[in-house]
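Okay, so here's the structure we're looking at.
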Amino acid sequence: MKCLKFTQVVAVTLMLLFSAGSAFSQQGYELLTTPQRTANPDKIEVIEFFWYGCPHCYQFEPHIKEWLENKPDNVEFISMAPPLSPAWKVHSQAFYAAEVLGVVDQFHEAMFNAIHRDKKAMRKPKDVGKFVDSLGLDGDKFVKTMKSFNVDAKIRQSLQKAKDVNISSVPTVIVNGKYRTSGQIAGSYPNLINVINQLVEKESAQ
């Protein structure tokens with residue numbers, strides 16, 4: 001239920017073989033060792049870390065999309081796409097280019113579907129540009145934005161945030177700078193949504 005850096009795969013596989021019965025936290029989340037300041041203290045912050053190439057992120061996407069349609073008004077949702085592996089960078093650039101250009105709504109779900117449903121690799125900027133053209137957007141402008149200073153800054157910020165909250169795999173969700181959860185920790189994606197709701201309610205009550 002998460003995409004790992006290559007060097008973690010063997011260790012995780014062995015862990016699951018020897019502790020299959022304890023693969024997730026009973027409470028469905030972990031406390032961050034060091035609580036993080038949120039962007040807006042007046043809102044409950046929910047951050048999702050993802051990678052377009054991750055099949056688990058693709059599986060989680062319908063769940064988080066449905067949740068977003070009915071999320072509480074006091075919740076601020078943030079998507080982050082840190083390239084935890086160098087192979088992820090083009091996809092990270094693509095997400096942040098869509099964000100800079102204000103076309104996330106047109107691009108985000110379509111990008112997931114192109115990679116996982118339509119089996120398009122999207123490993124090179126030119127591949128992303130052609131795909132963006134097919135959406136009726138300006139592919140050349142999109143590719144230039146992927147290589148821009150603004151996108152590079154967003155990538156560096158996302159990597160720093162991932163480091164601050166000790167993220168090494170995706171999809172992972174951080175709630176209000178205090179709690180870390182994922183499908184692996186919660187046990188399933190439906191339960192992950194339940195855990196997010198419970199933590200939002202807990203923080204709202206304080």
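The helices (runs of 4 or more DSSP H) located wholly in the stretch 66-177 that include 2 or more residues which are modelled with pLDDT of 95 or more and closer than 30 Å to Gly28 by Cβ occupy 89-101, 104-116, 149-164.
Tallying residues that are touching a residue at least 40 places away in the same chain (Cβ under 8 Å) and in contact with an Asp or Glu (Cβ under 8 Å, 6 or more places away or on another chain) within the stretch 103-131 yields 2.
Taking the criterion of being among the charged types (D, E, K, R) and either more than 14 Å from the chain's Cα centre (by Cα) or modelled with pLDDT under 95 (or both), the residues of the stretch 178-206 that qualify are Lys178, Glu201, Lys202, Glu203. Scanning the stretch 82-109 for residues that are under 15 Å from Leu137 (Cβ atoms), small (Gly, Ala, Ser) and buried (at least 16 other Cβ atoms within 10 Å of the Cβ) returns Ala94, Ala97, Ala98.
Looking at Gln36, Gln8, just one residue is polar (S, T, N, Q), surrounded by 12 or more Cβ atoms within 10 Å (Cβ to Cβ) and at pLDDT 80 or above, and that residue is Gln36.
The values are calculated or read from the model by the stated rules, or taken from the named source; none is laboratory data. Only a predicted model underlies this, so the values are computations on that prediction, with no experimental measurement involved. Heads up, the Cβs are rebuilt from the backbone with ideal geometry, glycines too, and the neighbour counts pull from every protein chain shown.
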